[in-house]
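Working notes for the structure below.
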Amino acid sequence: RELDGVRLLILPAAHCLSQAEADATDHFCRRGGIVFAEGSVGGYESDTGRYSTRVPGCGLAERWGIRETDSTSPLHLDCSGKVSGTGPAAEGDVAKALDSAGTKGGEYLPLSAVGETGWGALLLSSLESESGETLASYRNIPCVIKLRRESGTVFYCGTYLGIAAAEQSADFLAGLLE
């Protein structure tokens, strides 16, 4: 009932969820709502006090037909290469750590979508879905998927598009949601 009249539910970094919160989110979506979920949703189940063996957790992987198969930080990736434009530069201690480790990674990773390039941030989770549509990927690794759930829609992001949009790619994020 708290979500009556709401059309879009944004779950930014909803790593910790209760079963009741997951059920309400799924019910909202099935009733025609749009769920925009980023970053290992329900990876920690607050009711059990344990990490989920499947992500998204609390049964959402099974209900939504999507799952994260692997996750890493873009700090460990080679984010250089053929990308139009450049991502926001690391600063301060992050820049020092990257330089000392000799990595080409950073806080941001370039994403490819049909006809454009944008940015994700802080996380790369590869996603699998039999019925979902891949909207964006990092070097052919699906990381943003859109899928229908009865009357509603789920946008599941294996990266933080909102954080990246605040820095540089708000137009990219808006284009994915159209």
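The values are calculated or read from the model by the stated rules, or taken from the named source; none is laboratory data. These figures come from a predicted structure and were not determined experimentally. Using ideal geometry, Cβ is built from the backbone for each residue, glycine included, and neighbour counts are taken over all protein chains shown. Accessible surface is based on the protein model in full, side chains and every heavy atom, while ligands, DNA and RNA are left aside. Shrake-Rupley method; radii C 1.70, N 1.55, O 1.52, S 1.80 Å.
Annotations
- Within region 131-172, the only residue that satisfies the criterion of being within 20 Å of residue 25 (Cβ to Cβ), in a helix (DSSP H, G or I) and of a type outside the set (Gly, Ala, Ser) is 161.
- Yes/no for residue 162 being under 21 Å from residue 14 (Cβ atoms) and either under 17 Å from the mean Cα position of the chain (by Cα) or at pLDDT below 95 (or both): yes
- Options 105, 120, 132: the member that is at pLDDT below 90, within 30 Å of residue 32 (Cβ to Cβ) and of a type in the set (Gly, Ala, Ser): 120
- Of all residues making up region 103-134, the number that are under 21 Å from residue 61 (Cα atoms) and crowded, with 20+ Cβ neighbours inside 10 Å: 5
- Filtering region 59-83 to residues that are basic (Lys, Arg) and modelled with pLDDT under 80 leaves only 82.
- Of the residues making up region 135-164, those that are touching a residue at least 40 places away in the same chain (Cβ under 8 Å), more than 16 Å from residue 41 (Cα to Cα), surrounded by fewer than 21 Cβ atoms within 10 Å (Cβ to Cβ) and small (Gly, Ala, Ser) number 2.
- Candidates in region 1-41 are the residues that are over 18 Å from residue 143 (Cα atoms) and acidic (Asp, Glu); of these, the one that is least open to solvent (accessible area, probe 1.4 Å) is 26.
Residue by residue, here is whether (1) free of Cβ contacts under 8 Å to residues at least 12 places away in the same chain; (2) in contact with a Phe, Trp or Tyr (Cβ under 8 Å, 6 or more places away or on another chain) holds:
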{"residue": "35", "(1), (2)": "no, yes"}
{"residue": "48", "(1), (2)": "yes, no"}
{"residue": "55", "(1), (2)": "no, no"}
{"residue": "65", "(1), (2)": "no, no"}
{"residue": "73", "(1), (2)": "no, no"}
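- Tally of residues being assigned to a helix (DSSP H, G or I) and over 19 Å from residue 128 (Cβ atoms) across region 30-62: 1
- Only a single item in (1) free of Cβ contacts under 8 Å to residues at least 40 places away in the same chain; (2) within 16 Å of the chain's Cα centre (by Cα); (3) closer than 18 Å to residue 153 by Cα is not met by residue 43, and it is number (3).
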